[in-house]
1. What's the total number of residues in the stretch 250-276 that are under 21 Å from LEU191 (Cβ atoms) and either surrounded by fewer than 18 Cβ atoms within 10 Å (Cβ to Cβ) or among the hydroxyl-bearing types (Ser, Thr, Tyr) (or both)?
2. Does any residue of the stretch 62-69 turn out to be more than 17 Å from the chain's Cα centre (by Cα) and not aliphatic (A, V, I, L, M)?
3. Scan the stretch 252-276 for residues that are modelled with pLDDT of 95 or more and more than 19 Å from TYR144 (Cβ to Cβ) and jot them down.
4. Can you pull out the residues in the stretch 143-165 that are under 16 Å from the mean Cα position of the chain (by Cα) and not charged (D, E, K, R)?
5. Of all the residues that make up the stretch 157-183, how many are under 26 Å from ARG42 (Cα atoms) and surrounded by fewer than 19 Cβ atoms within 10 Å (Cβ to Cβ)?
6. Mind listing whichever residues of the stretch 110-130 are more than 16 Å from PRO44 (Cβ to Cβ) and either at pLDDT below 95 or part of a loop (DSSP other than H, G, I, E, B) (or both)?
7. ALA212 versus (1) of a type in the set (Gly, Ala, Ser); (2) under 17 Å from HIS110 (Cβ atoms); (3) crowded, with 20+ Cβ neighbours inside 10 Å: which is the lone unmet condition?
8. Out of VAL198, VAL142, I need the residue that is out of contact with any strand residue (DSSP E or B) (no Cβ under 7 Å at 6 or more places or on another chain) and either in contact (Cβ under 8 Å) with a residue 24 or more places away in the chain or outside the structural domain of TYR231 (by TED's automatic domain parsing) (or both). Which one?
Amino acid sequence: MLQIGGATIEVTFRSNEFDLPRQAMLDWVSTGARAVSGYFGRFPVPRASVEIVMDAGRRGGRINGVTYGDGGARSRLTVAQHATAQDLATDWVLTHEMVHYGFPSMPREHSWIEEGSATYIEPIARAAVGNLPVTEVWGDMVRYMPRGLPLDGDEGLDHTHTWGRTYWGGALFCLLADVAIRQQSHNKKGLVDALRGVNRAGGNIEQDWPLARAFQVGDKATGTSVLMSLYGQMAAKAMPVDLQDLWKQLGVQREGGQVRFDMHAPLAQVRAAISS
């Protein structure tokens, strides 16, 4: 049992044949739980279970995960038998799965907000506990966020269930919402406050909520109407986004794999607040 962020996390090992000692894997779970607790201000559910299963056939240190809310918040992580300490130190999957605990369960047409928010929050949460460089957070956004842009024939986030639109389209929604909330609140509020508001109101993976309810609660927490307004623009139609201009406004420059921040960019303080 781990006690983190006001929650009890039960960790179950389905094998004793991992190369790594059990304590190393418990430390890995603890780091992910601390990252998620930091983002939400507490661990998003009072109790969760994490099952660690060994994959003897997988080479290297790849980790896969899946999370459920029925019957309680629970995650199943499949870890290669020969995973190394470095594999765990650089893993993003566990934190991604735990972020799911903090948002209500949605029907399939809204899976983009569940996967997209986890994709967006995971690196930010890890950076906040020193598990990921901030330059890597923004470098990966610049590199991968274009995967979330609509292609020809796109019918909006609710009706276009490709991998890119589900994960990175949802992440793009979160980024745009975060920036807009901070602009409208003079950087006093952000998406983090909206999602904390949802979680404080009882919204977590164990609950089935309509998406509109979650967004209305989130908007109330920030004193804006950003989530509902942006949802109206992106739900049923393709909304073009000029990412190059957005990176320029935020002061994110990526050249040759290196990321630099322009502290004089119009939204430099917004960018800093998002990943602080």
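The values are calculated or read from the model by the stated rules, or taken from the named source; none is laboratory data. Computed from a predicted model, the values in this text were never measured in an experiment. Because the Cβ atoms are built from the backbone with ideal geometry, glycine has one as well, and the counts that use them run over all protein chains shown.
1. Residues in the stretch 250-276 being under 21 Å from LEU191 (Cβ atoms) and either surrounded by fewer than 18 Cβ atoms within 10 Å (Cβ to Cβ) or among the hydroxyl-bearing types (Ser, Thr, Tyr) (or both): 9 in total.
2. Checking the stretch 62-69: at least one residue is more than 17 Å from the chain's Cα centre (by Cα) and not aliphatic (A, V, I, L, M).
3. If the condition is that a residue be modelled with pLDDT of 95 or more and more than 19 Å from TYR144 (Cβ to Cβ), then ASP262, MET263, HIS264, ALA265, PRO266, LEU267, ALA268, GLN269, VAL270, ALA272, ALA273 are the ones that fit.
4. Scanning the stretch 143-165 gives TYR144, MET145, GLY148, TRP163, GLY164.
5. Residues flagged as under 26 Å from ARG42 (Cα atoms) and surrounded by fewer than 19 Cβ atoms within 10 Å (Cβ to Cβ) within the stretch 157-183 amount to 2.
6. GLY130
7. All conditions pass for ALA212, except number (3).
8. Details: VAL142 fails: out of contact with any strand residue (DSSP E or B) (no Cβ under 7 Å at 6 or more places or on another chain).
Criteria check complete, one pass: VAL198.
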